[in-house]
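One structure below.
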Amino acid sequence: MEEKERKIFGISWNVFLLGIVSFLNDMSSEMINPIVPSYLTGVLREGQLVSGSVMGAIESMSSLFKVAFGYVSDRFRKRKAFVLAGYALSTLAKGALAFTRYWWDFLTLRALDRVGKGIRTAPRDALIAESSEKGKSGKSFGFHRMMDTLGAVAGPLAAIALIELLRGLPKETMYRYIFLLSAIPGLLSLFVIVLFVRDRGSEVKKKIKGISTLRSRGLQLFLAVVAVGALGRYSYAFTLWKAEELGFTVVQGIAFYALFNLIYALSAYPLGVVSDSFGKKRLITIGFLVATLASLAFAYARDFYTLVVAFVLYGVYIAIEDTIPRAYMADLAGEHEKGTIIGAYHTVFGLFVFPASVIAGYLWQARSLELAFTYAALMNALAFVMMFFVPESH
C-alpha cells in the first residue's frame with residue numbers, strides 16, 4: 001500500500017468496516033435462514049427432495065458468478081462498486097420474500113440474493129486482501145469471518161424475539177413479517193459501504209499479466225480437494241431438520257443454530273491468526289477431519305447432548321473451511337489476479353455444493369437423514385486424505 005492506513009484492533013480500517021458491513025448483512029440473512037426450512041416444508045408444503053434441492057441451489061447459486069465478477073473487478077480495479085451492487089441486490093431480494101407463494105418464486109428471490117452474493121464476494125475478499133498487511137491475511141480474513149458470524153448469532157436471536165412478539169399471528173403471516181423486517185440491517189450495511197469503505201484496487205498495477213497461478217498443478221489439486229469437500233458440505237437446513245426429527249421445536253432449533261454460529265464466530269478470528277504461523281494448508285486439512293466428526297455426530301445423534309456436540313463441531317468446521325481457504329488463495333494469487341483466483345475457489349466450491357444437497361435430500365427421502373450425514377462424512381474423510389497430496393507451496 002502506498003500510504004499508511006489507519007488501524008483498529010490491529011487490522012486496517014477498511015477491513016474493520018467490511019466486517020461491520022458483513023455483520024449487518026449476515027444479521028439480515030440469519031433472521032430468515034433458520035425459518036426457511038420450516039417455511040418450505042410447513043408453509044409451502046414441499047417434500048424432502050424438493051426442499052433439499054432448493055436449499056442446495058440457494059447455496060450454490062452465488063458461486064457461479066464469483067470468478068466472473070472477481071475477474072471483472074481485477075480488470076477495473078474498482079472493488080467497491082461490485083461490493084455495493086451485490087449487497088443491494090441481496091437486501092432487496094430478502095425483503096421481497098415476504099410476498100412469495102410458491103417454491104419457484106421463493107427460489108427466484110433466493111437466487112437473486114445469491115447472485116448478489118456472487119457479485120460481491122470475490123471483489124470484497126480481494127479488497128480485504130489488498131487492505132491487509134503482508135503476511136497477515138489470515139488475521140484479516142479471520143476478523144471478517146468473526147464479524148460476519150456474530151451477525152449470524154444476532155440474526156437468529158432477533159428471529160426468536162420476533163417469533164415471541166408475533167406469536168399471536170398465523171405462522172405464515174409471522175414468517176412474512178420476519179422476511180420484511182430482515183431488510184432493515186441490510187439497508188444499514190449499504191450506508192456504511194457508500195459513506196466509509198474505500199477502494200484499494202487503484203493502488204495495484206492495472207495490467208493483467210495472465211492467470212498464472214491457476215496453471216499451477218498444486219493449486220489445481222487443491223481445487224479438486226475443494227470439490228470433494230463441497231460434495232460433503234450439506235446445507236445448514238439439514239442440521240435443523242435433524243433437530244426437528246429428534247422432536248425439538250422451531251424455536252429450539254433456532255437456539256441450536258445460534259449456538260453453531262456463536263462457536264463459528266468465536267473460532268474464526270483466533271483460527272485466522274493461528275493460520276498465519278501454523279500454516280493454512282495444515283489447518284484446512286484439520287478442518288476436513290473436524291467436518292467428518294461433525295457429520296458422524298449428526299448422523300448418530302439421538303439425544304440433546306450429542307446434538308450439542310454435533311453443532312459445536314459443525315461450528316468449528318465451518319469456521320475453518322469458510323475462513324482459511326480464502327486467505328490461502330489470497331496468499332497464492334499475484335497482485336493482479338486476487339479477485340480471479342479467489343473467485344475460482346468460490347466457483348468450484350459452489351458448483352459442487354448444489355449436487356451435495358441434492359444427493360443428501362435424495363438419501364434422506366429414500367432412506368434417512370442418518371444416511372445423508374454418513375455420506376457427507378465419507379466425502380469429508382476423502383478430502384482429508386487428499387490434502388496430504390497437496391504440496392506445501394505452489
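Note that segment 293-302 has calculated 3J(HN,Hα) couplings of 5, 4, 5, 5, 5, 5, 4, 10, 5, 10 Hz, one per residue in order, obtained from phi through the Karplus relation 6.51 cos²θ - 1.76 cosθ + 1.60 (θ = phi - 60°); glycine and proline are x.
Using 1/(1 + (r/R0)^6) with R0 = 45 angstrom and r between the beta carbons of SER277 and ARG367, what's the FRET efficiency to the nearest 0.05? Efficiency, from the Cβ-Cβ distance: 0.55.
Computed from backbone phi, the HN-Hα couplings of segment 169-184 come to 7, x, 3, 4, 5, 4, 4, 5, 4, 5, 4, 5, 5, 5, 6, 5 Hz, rounded to whole numbers (Karplus: 6.51 cos²θ - 1.76 cosθ + 1.60, θ = phi - 60°; Gly and Pro given as x). The slack between ALA85 and VAL194, meaning 0.36 nm per residue of separation minus the straight C-alpha distance, is 38.2 nm. Once both labels are positioned 7 Å from their Cα atoms along Cα-to-Cβ, the gap between LYS7 and THR173 label points is 5.5 nm.
Of the peptides 218-227, 18-27, the ranking by mean beta-carbon count within 10 Å, highest at the top, reads 18-27, 218-227.
Measuring between alpha carbons in the structure, the pairs from LYS78/LYS117; LYS7/LYS139; LYS94/LYS280; LYS7/LYS78; LYS171/LYS242; LYS80/LYS280 lying more than 24 angstrom apart are LYS94/LYS280; LYS80/LYS280. At an R0 of 41 angstrom, the distance between the Cβ atoms of SER216 and ARG302 translates into a FRET efficiency of 0.35.
Taken together, the values in this text are just the output of simple stated rules run on the coordinates, not laboratory data. Bear in mind that the values here come from a model prediction, so they are computed numbers and not experimental data. Neighbour counts run over all protein chains shown; Cβ positions are idealised from the backbone, glycine included.
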